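Below is one structure, written out as structure tokens, with a few remarks after it.
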Amino acid sequence: MRASILHRLSGWPGLIALAMTLTMTLAGCSGDAPVPAPETSMRLPVITLATTTQPREYAVAGNVVSDRRIEIASKISGYIRSIAVAEGDQVAAGDLLVQIDDSQIAATITQAQVGVDAAQAVLADAAADLARYEALLAQNSIAEAQVRKARLQRDAATGQLRAARAALEQASAQQQYTRITSPVDAVVIARQHRSGDLVAPGLPLLTLESPTGLLLEAWVAEEWLGALTPGALVGVSIDGIAAPLPGRLARIVPSGDPVSRRFAVKIALPETPGLAPGLFGRAHFQLGDETLLAVPRAALVERGGLTGVFVVDAEQHARFRWLRTRREWPDRVEVTAGIAPGERIIAHGAPRLPEGTRIDPEVAPGE
């Protein structure tokens, strides 16, 4: 039995040697080493970035306002008898706006007229006395002092008549202020009082705006103020009006807001159908030329909430690069950091493109 076990153990080296021989034989038949998988590549359009020169534009928002905004107020005190207009009404120059009760003024005019009549009677009596005394003096029938006294009475009566007439003119002048008319062709945009209200001089009754002479009022930053010239042409876009309008910088208000550091500018607008005060618009100032770097909007890729592009490096591999952008246009976006002129990018963004993919460049249209 011991001899049988020893015989079996002595057979294992032979089996092991045989297995090793078969393994080496199979390896020799399959080749010297395993062949790696070929690197995958994609054929995509690639463009080379370059700076461009374009007109430098500075755009600010503003509102359309009327250069002829008028606050209608009364010059006299009194009750409003009637208001002939309402908000939104169009009025012509000379149209009646407000009628103020004139009964008190009419009484004042009557009283002033009575004063004039009385002064005229006194003057006539004094003049007659003076004429009679002068005739008696010529006959040496009275003393000269009496004539002098009569002359003084005549002069005093003349002064009283002048004062009475002035009072009558003043009272009559108040009469015209009871009828308030429009000074220009305009639109009523606010009505602060109603019929029956008691008004006082200087308090506004109505607010009018002329539809002509409209302006775009905007605020510009102090850093651009020195580049603006009164009289320069300014492109203006108005919400609700399809075509841009040719504006002209009418004036710059030299006093700025100390908090925002902005200055008001007024841009004159041409008469245009549909243009009205209150509309929102933008002024586009042309301030010479500028050089910038921009990438096509189609090349942008969003990753992790940030914007970037795929850059093709020297080994033809795609590398994602985050960008810092500023201004945008319909077809391109300005880049301020993250990429430099001369670098190549994939022209059409592929969000699912794996990092490091080998790119077989294809010249993009327009490159």
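Here is how the numbers come out for the structure above:
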item: The chain - percent of accessible surface contributed by carbon and sulfur, probe 1.4 Å; result: 56
item: Of 59, 218, 347, the one that fluctuates the most in a GNM where the chain has Cα springs shorter than 10 Å; result: 347
item: Angle in degrees between helix 103-138 and the longest Cα principal axis of the chain, rounded to the nearest 10; result: 40
item: Rg and Dmax [Cα atoms of region 75-129; Å; Rg one decimal, Dmax integer]; result: 19.8, 66
item: Dmax and Rg, reported as Rg then Dmax, of region 145-252 (C-alpha, Å); result: 28.2, 91
item: Electrostatic dipole magnitude of the chain [Cβ: Lys, Arg +1; Asp, Glu -1; Cα centre; debye, to 20]; result: 820
item: Tilt relative to the chain, helix 144-176 - C-alpha long axis, 0 to 90 degrees, to 10; result: 30
item: Kirkwood Rh in Å, taken over all unlike Cα pairs in the chain; result: 31.4
item: Heavy-atom accessible area order for 322, 219, largest first, 1.4 Å probe; result: 322, 219
item: For the chain, with +1 on Lys and Arg beta carbons and -1 on Asp and Glu, the positive-most of 131, 97, 192 along the dipole; result: 192
item: Principal axis dimensions, largest first and in whole angstrom, of region 40-138 by Cα; result: 139, 40, 20
item: Principal-axis tilt of helix 12-30 within the chain, Cα atoms, nearest 10 degrees; result: 50
item: Alpha-carbon Rg with Dmax, taken over region 93-205, Å; result: 23.8, 78
item: More than 26 Å apart - percent of Cα-Cα pairs taken over region 244-367; result: 47
item: Residues of the chain: accessible area per residue with a 1.4 Å probe, Å²; result: 61
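The values are calculated or read from the model by the stated rules, or taken from the named source; none is laboratory data. Quick caveat: nothing in here was measured; it's all calculated off a predicted structure. Backbone-built Cβ (ideal geometry, glycine too); neighbour counts: all protein chains shown. For accessibility, only protein heavy atoms count, side chains too; no ligands or nucleic acids. Shrake-Rupley method; radii C 1.70, N 1.55, O 1.52, S 1.80 Å.
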